[in-house]
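Read through the structure below, which is laid out as structure tokens, and then see the notes.
The values are calculated or read from the model by the stated rules, or taken from the named source; none is laboratory data. On a predicted model such as this, the values are computed, not experimentally measured, just so you know. As a convention, Cβ positions derive from the backbone with ideal geometry for all residues, glycine included, and neighbour counts pool all protein chains shown.
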Amino acid sequence: MRNTDFTLMRVFCIGGFVLAGLTGCDGSDASSPAVEVDAGPVALRRLTAEQFTRSIHDTLGEHITVPSRIDPDDRRDGLFAVGSSFASVTPSGFEKYEAAASAVAEQALDAAHRDDVVPCQPQSLTSSDEECARAFVEQAGRRLFRRSLTTEEADARVAIAAEAANTLNDFYAGLELALISVLTSPEFLFRVEVAEPDPTDPSRMRLTSVSMASRLSYLLWNTTPDDDLMAAAENGDLVTENGLAEQVERLLSSPKLETGIRSIFSDLYDFKQFDEGLVRKDNALFPVYTQTLAEEAKEQTLRTIVAHLTEDKDYRELFTTPESFLTRRLGVAYRVPVQTANGWEPYVFAEDARRDGLLSHISFNALYSHPGRSSATLRGKFVREVLLCQDIPTPPANIDFSIVEDTMGELRTARERLEAHVTNDACAGCHTLTDPIGLALESFDAIGMLRDEENGVPIDTSGDLDGAAYEDAAGLGRALRDHPALGPCLVRSLYRYAAGREVQSGEQALLEFLNERFAESEYRVRELMREVVLSDGFRTTSGPRDAEEAGDES
Amino acid sequence: MKRFDRRTLLRGTLAGGAVSMGLPFLDCFVNDNGTALAQGAPLPVRFGAWMWGCGMNPDRWNPTTEGLGYELPIELQALDRELPTGAKLREHVSILSDFDVKLDGRPNFPHTAGLMGTLTGSLPLQDYTVPAPTLDTIIAAQIGGQTRFRSLEMSCTGNPNQSYSFERQGVFNAPEISPMALYTRVFGPEFADPNAGPFTPDPRLMLRQSVLSAVKADRDRLHQRVGTHDQQRLDQYFTSVRQLEQQIDILLAGPPDLESCSKAPTPGAESLGTEVGQSMSTNRLMADLISFALACDQTRVFSMMFSDRISGLRQPGSSSLHHQLTHDEAIDSALGYQPEATEFVFVSMEAWADFVERLAAIPEGDGTLLDNCLVFGHSDISFAKIHGITGIPMMIAGSAGGALKPGVHVKGNTSPTTRVGLTIQRAMGLNTESFGTRSMEATQPVSEIVA
């Protein structure tokens, strides 16, 4: 489980060779220190709801309405991608998976669409045709299991198709049941990652070529591998340097990378809450705010991120850029004119608009607020934990918040109220970390609309971020851009997202290395993704994860 | 065993080509009257958990007198309702005060320690973790296999990602948040309506069983290829597949044969969210549906989260949530409590009364459905302002089919809340010797409420 200097160099330089313009493969690497990687364990990864839907759409047709109410994703250590390595399937969850599979199978094989997915015509519409059923099962099954079916697996489905076709006197109804058995199988619901000894160094366990295909595809496109990737996988290409590099370049240069980037940031920022209608606001206090506005606010931020990163701009500039996208509905909330009557338009906020960088977006400010008021603490906690990867401890059990609540008393602004915390030792430790950040964002109310006063008192947005002083939210954005932890935090988050688990001690050196490479690339996320997938952290493992001890409770 | 026989017979018939059959064929499996299940089994006893967040004011919620006919304190006035039977609701509800969650030096993770201590008998070592299975899943593991649904989970918070029904860490039973979705799940096309004429099993049900057999074979093969962490997860997956097989077996067996069973009416308009009016309305609609589901023996275990332990209940137009108020609002020196936060205690107790009252509205046997239920009402905390975990408020509604004496106030004298959990398990027919760990280990049930 070591990565030799030689292997590492070769991998990176092949990547550089294939993509013209990649910096860092000019020979200076020869002096890089060896990166020792002791990669962590692999585990089954339950498809997230999004992956479930995309895998079905890509295999069986975009026309399918995939039921959204399946077993909820498990968010762990701030990522669904990590929770997926722990999630199981509960009885009610399986019941929903089966119902969803049934609804999907019916749509996939309806009269209008069956010819798109069934590669043959049955001899009879009213009885079984094992040959044609097998052709369908093997073709759809390969995309859904992300590998070719074994004979046993295919035989079982062909038998189901025959039994059902003959019972129901309907060939395609038989295929529906066969398809349901694929869609409810653990081989579909869980991504199975398999390791094997590396023939060139049997002490090192590498992911098999077929496992690499799923890893790459779900990381970069967040869906099941396409035919080209499956072919490369089954040909053994993805355990060779050239074969891997070739596929990685193809995946990274495809428009589908936008989906991958969108999914990563949506997970990291917990934007699924918008889709589930969980970012609620009080109607009386915020009449402008509707579920549609909330979803568009989320979309605005994701569009901004995707456009910025796929244009290979500096990741850090996301926190200062005035460039974004708006709809007319969002324009109302931002109080700016939007020309396009329906749909989206690129929009650059004016210099005096006070809308520089992601932290000025409605999405963040609404998400990290309460239903009736803004929260400097939640916003500050988000910046510390998610953008800078710094831990904020949980509050002590015995707390008196009276002073923070009394909005009509002597303390009129959030700053005045929160400063009262900081005089209390039990609170100060955390609040001195979160509050100065959040107070800079107090110019945005609980739905992210601009304001200058709270309860008739002007809002003071000045503060400092670990020594960098600022006057307002835009200044905070600049301080964040220049914060030394910003880039490394994205590296860590992306790595955790890719591996589906926390970083192991044996991977620290790799992370340091990735930090350097990310900085050298001027914080281009596409480059970072390439470095991650070509690294031994992504390609090797210590083996299957062991069960956790039951603790001292039993 | 009974189910297995029935399924085998049906399967044989199907293989022979006949796919429809009438009730007479199944007569040997049911008895002649509607008061008992097949083979003379008594009416089922059901368990439910009903949870509200952020506790109460101990001085105003705990009754001052003990035993039967306790004096009703101000914050429990909702129990003073009169039922159609003429009895008061309070006569069906026991109050358990002065039972504690004991930390043994572990951290009092706000709102988590008290909840987990009471429901699992153990204290978490880390925040947001579940140290052991919750009471409802312990009971469902014993009795859930006899019904179509092993258990049903509900929530009035509008959040589909949160319930307090855990098999273990990471394995939680997601709640139904929409009354209409719950209705469709239980009383949708699959429901065999006893009042809908002759029963014809859907041939697809048998075919679904074949699908599940194939899926189990996949699971068995995969189980051999993965590590111990994943084996545990696949064991859970297997249990879940088995549960669906059970569900299909029961659907094949035809309509429930219970006198009180009828199909629930379609629920009224719903509005999901945590404004008080929304949560109260969802609670009533869900209570209605679960009462029909219980009367038709579709499940024997349920849980309801009326409000999150960090209660997000709020009044329209207010900038503060219930949980925030419990911490932020000053104690009114004249009143001696937090007036705004306390409004939510009243709301929660009204909702609890609404829920229990609904179960008492369905006649069953010589009494009502509530008599054959044991509904455990509890919060995560006592006095929320300080995250108090002594004197966790707990209530038990119903008589558990005669196993419990209702309408009693018992003071626990600081004994662990797990004594109540132990009492509940035994009343539900489990042979539980002890419940909980360390100082939370309970071996003595609350004898004052045992019949």
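Listing for the model above:
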| item | result |
| --- | --- |
| Hits in the stretch A:185-200 - residues which are assigned to a strand (DSSP E or B), in contact (Cβ under 8 Å) with a residue 12 or more places away in the chain and surrounded by fewer than 23 Cβ atoms within 10 Å (Cβ to Cβ) | A:ALA195, A:GLU196, A:ASP198 |
| Verdict on A:ARG147 being more than 10 Å from every other protein chain (Cβ to nearest Cβ) and farther than 25 Å from B:SER240 by Cβ | no |
| Only listed residue being in a helix (DSSP H, G or I), among the hydrophobic types (A, V, I, L, M, F, W, C) and at pLDDT 95 or above, chosen from A:VAL336, A:VAL404, A:VAL306 | A:VAL306 |
| Of all residues in the stretch B:44-97 being touching a residue at least 40 places away in the same chain (Cβ under 8 Å) and basic (Lys, Arg), the one that is farthest from B:SER291 (Cα to Cα) | B:ARG60 |
| Count of residues meeting criterion [among the polar types (S, T, N, Q) and either under 26 Å from B:VAL93 (Cβ atoms) or crowded, with 23+ Cβ neighbours inside 10 Å (or both)] in the stretch B:307-349 | 7 |
| Matching residues in the stretch B:93-116 - criterion: being closer than 15 Å to B:GLY377 by Cα and either at pLDDT below 95 or touching a Leu at 6+ places or on another chain (Cβ under 6 Å) (or both) | B:VAL93 |
| Output for the stretch A:64-115, where each listed residue is farther than 25 Å from B:ALA181 by Cα, among the basic types (Lys, Arg) and more than 23 Å from the chain's Cα centre (by Cα) | A:ARG114 |
| Any chance A:LEU318 is within 14 Å of chain B (Cβ to nearest Cβ) and either at negative phi or in contact with a Cys (Cβ under 7 Å, 6 or more places away or on another chain) (or both) | no |
| Answer residue from the stretch A:304-333, given it is of a type in the set (Ser, Thr, Tyr) and in contact (Cβ under 8 Å) with a residue 40 or more places away in the chain and is farthest from A:PHE364 (Cα to Cα) among those | A:THR310 |
| Number of the condition not met by A:ALA232 [criteria: (1) in the same structural domain as A:PRO544 (by TED's automatic domain parsing); (2) on the phi > 0 side of the Ramachandran plot] | (2) |
| The lone exception for B:SER240 - which of (1) facing chain A (nearest Cβ under 10 Å); (2) over 26 Å from A:ALA154 (Cα atoms) it fails | (2) |
| Spans of helices (runs of 4 or more DSSP H) in the stretch A:62-136 with at least 2 residues touching a strand residue (DSSP E or B) at 6+ places or on another chain (Cβ under 9 Å) | A:80-83, A:91-108 |
| Near pairs, Cβ below 6 angstrom, 6+ apart or cross-chain, from the stretch A:379-395 (surrounded by fewer than 16 Cβ atoms within 10 Å (Cβ to Cβ)) to any residue that is at pLDDT below 95 | A:PRO393/A:CYS430; A:THR394/B:ASP127 |
| Members of the stretch B:159-170 that are within 7 Å of chain A (Cβ to nearest Cβ) and either crowded, with 24+ Cβ neighbours inside 10 Å or under 18 Å from B:SER271 (Cα atoms) (or both) | B:ASN159, B:PRO160, B:ASN161 |
| B:THR239 being among the polar types (S, T, N, Q), at pLDDT 95 or above and at negative phi | no |
| Filtered residues of the stretch B:195-222 (kept if more than 9 Å from chain A (Cβ to nearest Cβ) and either part of a helix (DSSP H, G or I) or at pLDDT 95 or above (or both)) | B:LEU205, B:GLN209, B:LYS216, B:ASP220 |
| Qualifying positions in the stretch A:311-324 - within 18 Å of A:SER253 (Cβ to Cβ) and crowded, with 17+ Cβ neighbours inside 10 Å | A:LYS313 |
| One residue from A:ALA284, A:ALA294 being within 14 Å of chain B (Cβ to nearest Cβ), touching a helix residue (DSSP H, G or I) at 6+ places or on another chain (Cβ under 8 Å) and aliphatic (A, V, I, L, M) | A:ALA294 |
| Residue in the stretch B:174-194 that is outside any helix (DSSP H, G or I), free of Cβ contacts under 8 Å to residues at least 40 places away in the same chain and facing chain A (nearest Cβ under 8 Å) present | yes |
| Among residues of the stretch B:117-147, those that are within 12 Å of chain A (Cβ to nearest Cβ), surrounded by fewer than 24 Cβ atoms within 10 Å (Cβ to Cβ) and out of contact with any Asp or Glu (no Cβ under 7 Å at 6 or more places or on another chain), counted | 10 |
| Which numbered condition A:THR432 misses (of (1) touching a helix residue (DSSP H, G or I) at 6+ places or on another chain (Cβ under 7 Å); (2) more than 19 Å from A:LEU387 (Cβ to Cβ); (3) free of Cβ contacts under 8 Å to residues at least 24 places away in the same chain) | (2) |
| Index of the failed condition, A:HIS63 passing every other in (1) surrounded by fewer than 24 Cβ atoms within 10 Å (Cβ to Cβ); (2) facing chain B (nearest Cβ under 9 Å); (3) not hydroxyl-bearing (Ser, Thr, Tyr) | (2) |
| Hey, A:ALA100 of a type outside the set (Asp, Glu), buried (at least 20 other Cβ atoms within 10 Å of the Cβ), more than 30 Å from A:LEU534 (Cα to Cα) and out of contact with any helix residue (DSSP H, G or I) (no Cβ under 7 Å at 6 or more places or on another chain) or not | yes |
| Sole residue being surrounded by fewer than 22 Cβ atoms within 10 Å (Cβ to Cβ) and not charged (D, E, K, R), chosen from B:ALA400, B:ALA361 | B:ALA361 |
| Which listed residue is surrounded by fewer than 19 Cβ atoms within 10 Å (Cβ to Cβ) and assigned by TED's automatic domain parsing to the domain that holds A:PRO186, from A:SER68, A:SER88, A:SER55 | A:SER68 |
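Condition check ((1) modelled with pLDDT of 95 or more; (2) of a type in the set (D, E, K, R); (3) within 18 Å of B:VAL226 (Cα to Cα)) across all residues:
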{"site": "A:PHE136", "(1), (2), (3)": "yes, no, no"}
{"site": "A:ARG143", "(1), (2), (3)": "yes, yes, no"}
{"site": "A:ALA154", "(1), (2), (3)": "yes, no, no"}
{"site": "A:ALA162", "(1), (2), (3)": "yes, no, no"}
{"site": "A:ASN169", "(1), (2), (3)": "yes, no, no"}
{"site": "A:LEU177", "(1), (2), (3)": "yes, no, no"}
{"site": "A:VAL182", "(1), (2), (3)": "yes, no, no"}
{"site": "A:VAL192", "(1), (2), (3)": "yes, no, yes"}
{"site": "A:GLU196", "(1), (2), (3)": "yes, yes, yes"}
